[in-house]
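Quick notes on the structure that follows.
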Amino acid sequence: LARREDWPVPAGHFTTVAREFLRRDAAKRVKQQLGLVVEGERLRLRFSHLYVVTSVNSGAVLSERSDLKARWLAFLSELDSKRTPPASIGRGPFAVSRAFLYLASIAQAKSTAWTSVGASTALAFLVLVCFTHNVRIASLATLVIAFVVVTVVGLVHVYGWKMDPFESVCITILVGFSVDYIVHLAVAYVDHEGVPAHDRDARTLRAVSTLGISVTAGAASTAG
């Protein structure tokens, strides 16, 4: 503007003006943001990297950062629908951001956590059916596993924690931690040797007395 030049730069003159700009001292900080290549006798633009700083910092709450990502993607989509990039670039604008990548990682971790919980619980049920040959006991044991998962996830909310990748990994292995104790007691209940099959109280007492100590010790060592 100070040189009384046209702004915006006409499309036909853009590459020439950009090359002249990159030769100046003022362009030291942005030289890597324009990719110009020689193709035959012509100079073509291959990419343009626009560096943007927003008022939302990395420590902002997750919802604020997610809202920023959604608005940026909507803006780029609208821009892509209105403007056609030069053929030498070949594609429209897209966002590259560590903050956005982190948000995507969190979303993926959450999705993986719930998928893992569902798959692990279903697998635990099938294993219980195979070892106990009792669908009712297998169902009750699986229900207890589900209660453990719901309790832990509820406590995450009560404590005010967020479902970040760390918490999501803990949720992923939660079924594996809880299934061990529940399965031992379920199998011990079904294995009613020396106890009448119809006496549920006696079977429960036997299961707790024979494996209760081992299960409690296992829980203590896991906690330790």
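Bear in mind that the values in this text are calculations on the coordinates, not laboratory data. In this text the structure is predicted, and so the values were computed from the model without any measurement. Cβ sites come from the backbone with ideal geometry, for glycine too, and all protein chains shown count toward neighbours.
Tell me, how many Å apart are the Cα centres for the stretch 32-49 and for the stretch 143-189?
Comparing the Cα centres of the stretch 32-49 and the stretch 143-189, I get a distance of 54 Å.
What do you get for chymotrypsin sites (Phe, Trp or Tyr not before Pro) in the stretch 142-178 restricted to DSSP loop and a cutoff of at most 16 other Cβ within 10 Å of the site's Cβ?
Tyr159, Trp161
Explain nothing, just compute: Karplus ³J(HN,Hα) = 6.51 cos²θ - 1.76 cosθ + 1.60, θ = phi - 60°, for every residue of the stretch 43-55 in order, whole Hz, x for Gly and Pro.
Those phi angles translate into 9, 10, 8, 9, 7, 9, 9, 9, 8, 10, 10, 9, 7 Hz.
Report, by chain and number, residues whose modeled amide H sits under 5 Å from the one on Leu36, excluding near sequence neighbours (fewer than 5 apart, same chain).
Arg46
Considering the Cα positions of the stretch 71-224, please state its Rg to one decimal place and its Dmax as a whole number of Å.
Values for the stretch 71-224 (Cα only, Rg and Dmax): 24.3, 83 Å.
Suppose we flag trypsin sites (Lys or Arg not before Pro) only when DSSP calls them loop and at most 14 other Cβ atoms lie within 10 Å. Which is the longest uninterrupted stretch of the chain?
By the stated rule (loop sites, at most 14 other Cβ atoms within 10 Å), 92-161.
Which of the chymotrypsin sites (Phe, Trp or Tyr not before Pro) found in the stretch 1-84 are in a DSSP loop and have at most 15 neighbouring Cβ atoms, other than their own, within 10 Å?
Answer in residue order: Tyr51.
Only four residue types carry charge here, +1 at the Cβ of Lys and Arg and -1 at the Cβ of Asp and Glu. Report the dipole size of the chain about the Cα centre in Debye, rounded to the nearest 20.
Value, rounded to 20: 1360 debye.
Out of Asn134, Val183, Val152, whose Cα points farthest toward the positive end of the dipole of the chain (charges: +1 Lys, Arg; -1 Asp, Glu; placed on Cβ)?
Val152
Just need the relative contact order of the stretch 1-58 here, percent rounded to a whole number, with Cα pairs under 8 Å and 6+ apart.
With pairs under 8 Å counted, the relative contact order is 22 percent.
What ³J(HN,Hα) values, in whole Hz, does the Karplus curve 6.51 cos²θ - 1.76 cosθ + 1.60 give for the stretch 13-21 when θ = phi - 60°, with x put for Gly and Pro?
In residue order, the calculated couplings are 9, 4, 4, 5, 5, 5, 5, 5, 5 Hz.
Using a 10 Å Cβ count of at most 10 others and DSSP loop calls, identify the longest part of the chain lacking such GluC sites (Glu not before Pro).
Answer from the scan: 42-192.
Pairs of alpha-carbon atoms within less than 8 angstrom and 6+ residues apart define the contacts here; what relative contact order does the chain have, in percent?
This gives 13 percent for the chain.
Could you go through the stretch 173-184 in sequence order and give the Karplus-derived ³J(HN,Hα) for each residue, using 6.51 cos²θ - 1.76 cosθ + 1.60 with θ = phi - 60°, rounded to whole Hz, and x for Gly and Pro?
Working through the residues one at a time gives 8, 5, 4, x, 5, 7, 5, 4, 5, 5, 5, 4 Hz.
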